[in-house]
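Everything below concerns the one structure shown next.
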Amino acid sequence: MNCLDPDRRQFLKMSAATAGSALVLGISWTESIESSEKVSPPFSPNAWLKIDTDGIVTIFIAESEMGQGSYTALAMMVAEELDAEWQKVRVEHASLDPAYGFQGTGGSRSVRRNWKTLRNAGAIARQMLLNAGSDYLNVAIDECQADKSRIIHTASAQSVSYAELVTGAAKLPIPTSITLKNPESYKLIGSSLPRLDLVEKLNGSARYGIDTKLPGMRYATIVQSPIFGGQVERFNASDIKKLPGVIDCFALDEGVVVVAKDTWQAFQARKALKIEWSEGKSTKLNSEDIIQTLVQHASLETNSLIFEKGEPLSQLKHPTNLVETQYNLPFQAHMTPEPMNCTVQIQQQRIKIWAPTQSPTNAKAAALAALKSLIAQPTQEEIDALEQRIEVITPLLGGGFGRRNLQDYVSQAVKIAHRIDQPVQLVWPRSEDLQHDYYHPLTQHRLQGILDKQGMPQVWHHQITGLQADEYGAQTLPYSIPHIRVEMQRLDSPVPIGPWRSVSHHYNVFAIEHFFDELAVAGGHDPLQLRLRLLREPRLKAVLQIAAEAASWNKQSERRVLGCAVHSSFGSHVAEIVELVKDDNQAFRVGKITCVVDCGVAINPDTIKAQMEGSIIFALTAALKSRITLKNGKVEQSNFHDFPILSFKESPPIEVIVAKNHHDPGGAGEPGVPPLAPALANALLSAHGKPVKSLPVKFI
């Protein structure tokens, strides 16, 4: 049993009866809770859990729901320890109350960060209800048990519902110790429960940011400089203001804004804009020139050392059986299904912002910075007053993938609403979204390896060069090789760079896992068997073994070849195997993809499978279809016609196997991305005998 003995003043942030006799409990991010006589109103909770007298359990989640299932998984953790009846559980997004700490969803942290905190919240509530229930039934507490929102005394066949106990439980002292359940006792965790947001998404009642509607609302869009760093010189504002439905047309630092009575009218007026730009210093920026710059820097002696083991450089001075290669990975955009949008209503007392954001905390900071920029030399008192007025409401997100951690669209919407003095919804058209993204960086990888007489890798040298590149995913090697050196050259980027699903693990793991297969082929080894021989992490080796059996690795043929790749990231271990099948025209197509994930305790296996499937489709799109290129300072792509995503017809069958164990949970949203592209490249290497030097691969 996991026991917690909290100081009652520090453990509960709040525990008291609210108006309407609701029991409200909360735990801070530091897992400290304090008791307080002050009760937050139900509409602005500063707690994790509320139980009403009708028995409805409301759980307040401080993670953004963007399709990954966080609302359901996190609610399951609370409900498990609470022993709540699942049909009575509801979820609301938490406010920006300091009790929740920094709010930002990314890095596959939602479950990992809340694993202890939310279970503690449920366990505290359960203990208080047990205390209240034993008093109500007039029986010993150690003879009672909680189950499905009831306290049950089996010996006397008595029971009482949580709804009946709410008022009494709220008056009890906070427990000084609680006991968390053993995994063997879980009733909800580990079950594939239907998602709490499923029904409203199926019947169309789900509200995303773009669905926000307010009385008297105006609709805005923006045109930003096609060249990074460009500024507005002049534009035909007077002509635009005469167009049907147009309310205003003006310039911001970021570009030209059109405000109209509806989005269609704003978009139509946008097409009529004639803007002259001062194009800045990026007019000659081209993708091929950037690649050449990266290649040149890869040979410089100014790399930062990331990791070193043994004596790789001395071994490379007199190499035998040397294998060398270079790969380059392109810029990638996010292309979230819901384009960037934000709705702002500025009132005397409140500034309300409906932002489909991955970080409400950063959205509030961006809004405050935008408002400060509109005031000449604001005093600290004015800034503090502004901050108190800002309220961020987080609706459902139509995808995030890291893009919605950046808050440029929030800042713009605030500035527009401040000028218009009416509620305003800003919506970017798809072209604006694609050409003004924060992109996955372009990177170049140079690798060298030395094999011994038995074809076993002895030296590994990896040089990473990229625009604002990171070393994560490459800072250590999962294989037992005597001499290893990893170094990196991180260059400043004239192109906006931001987090993209799995961040640097994507490009670094492609280089590592594909080069491993190049070494295996050069040394005459089966890539799977060589991995199993050299992998150091037992859990990673185990998922690879399961994947190999599920994919029938030993049943390859001329018409059916396989490629595998593995990676540990965000606390999880993943193996993926891509099958290529030769069609009647003697061309290969992607067949079945097999994925095995060990993410520790699987809160909701169905959600984890969906996350892995989504990760694989996302990664396969980047591997086969999409890339961002620059010409004369401009992004060449503008919509799905030249930045395509994988269609339903093109999507292969995917089998996901979730390993079962009781390790603390790992992430699920991103770990499925990194192994896909190298597994595909490794299958192609097996099929054609040629390595894949760059992505995307054009073969289907």
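The values are calculated or read from the model by the stated rules, or taken from the named source; none is laboratory data. Predicted, not measured: the structure shown is a model, and the values here were computed from it. Every residue, glycine among them, receives a Cβ derived from its backbone with ideal geometry; neighbour counts consider all protein chains shown. To get the accessible areas, we keep the full protein, side chains included, count just its heavy atoms, and leave off ligands, DNA and RNA. Shrake-Rupley method; radii C 1.70, N 1.55, O 1.52, S 1.80 Å.
Laid out as a table, the results:
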read-out: Residues located in region 474-495, provided they are part of a loop (DSSP other than H, G, I, E, B) and open to solvent by 40 Å² or more (accessible area, probe 1.4 Å); value: GLN475, THR476, SER480, PRO482, ASP492, PRO494
read-out: Cβ-Cβ under 8 Å pairs, at least 6 apart or on other chains, region 558-583 side within 15 Å of LEU620 (Cβ to Cβ), far side assigned to a loop (DSSP other than H, G, I, E, B) and of a type in the set (A, V, I, L, M, F, W, C); value: ILE577/ALA551; GLU579/ALA551
read-out: Every residue from region 55-113 that is in a loop (DSSP other than H, G, I, E, B) and either among the polar types (S, T, N, Q) or free of Cβ contacts under 8 Å to residues at least 40 places away in the same chain (or both); value: ILE56, SER64, GLN68, SER95, GLN103, THR105, SER108
read-out: Matching residues in region 580-597 - criterion: being in contact with a Leu (Cβ under 8 Å, 6 or more places away or on another chain) and either buried (at least 23 other Cβ atoms within 10 Å of the Cβ) or assigned to a loop (DSSP other than H, G, I, E, B) (or both); value: LEU580, ILE593, VAL596
read-out: Some residue of region 680-693 being free of Cβ contacts under 8 Å to residues at least 24 places away in the same chain, within 29 Å of THR105 (Cα to Cα) and not acidic (Asp, Glu); value: no
read-out: Residue check, ALA547 outside any helix (DSSP H, G or I) and either at pLDDT 95 or above or under 28 Å from LYS181 (Cβ atoms) (or both); value: no
read-out: Residue selected from region 290-348 under the condition in contact (Cβ under 8 Å) with a residue 24 or more places away in the chain and charged (D, E, K, R), by the criterion least open to solvent (accessible area, probe 1.4 Å); value: GLU338
read-out: Single match in SER95, SER64, SER134 (criterion: buried (at least 23 other Cβ atoms within 10 Å of the Cβ) and hydroxyl-bearing (Ser, Thr, Tyr)); value: SER64
read-out: LEU685 being crowded, with 17+ Cβ neighbours inside 10 Å and closer than 14 Å to LEU620 by Cβ; value: no
read-out: Any chance PRO644 is under 24 Å from HIS505 (Cα atoms) and surrounded by fewer than 17 Cβ atoms within 10 Å (Cβ to Cβ); value: yes
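For (1) open to solvent by 40 Å² or more (accessible area, probe 1.4 Å); (2) within 35 Å of the chain's Cα centre (by Cα); (3) modelled with pLDDT under 95, each residue gets a yes or a no:
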site: VAL160; (1), (2), (3): no, no, no
site: GLU164; (1), (2), (3): yes, no, yes
site: LYS171; (1), (2), (3): yes, no, yes
site: THR176; (1), (2), (3): yes, no, yes
site: GLY190; (1), (2), (3): yes, yes, no
site: LEU198; (1), (2), (3): yes, yes, yes
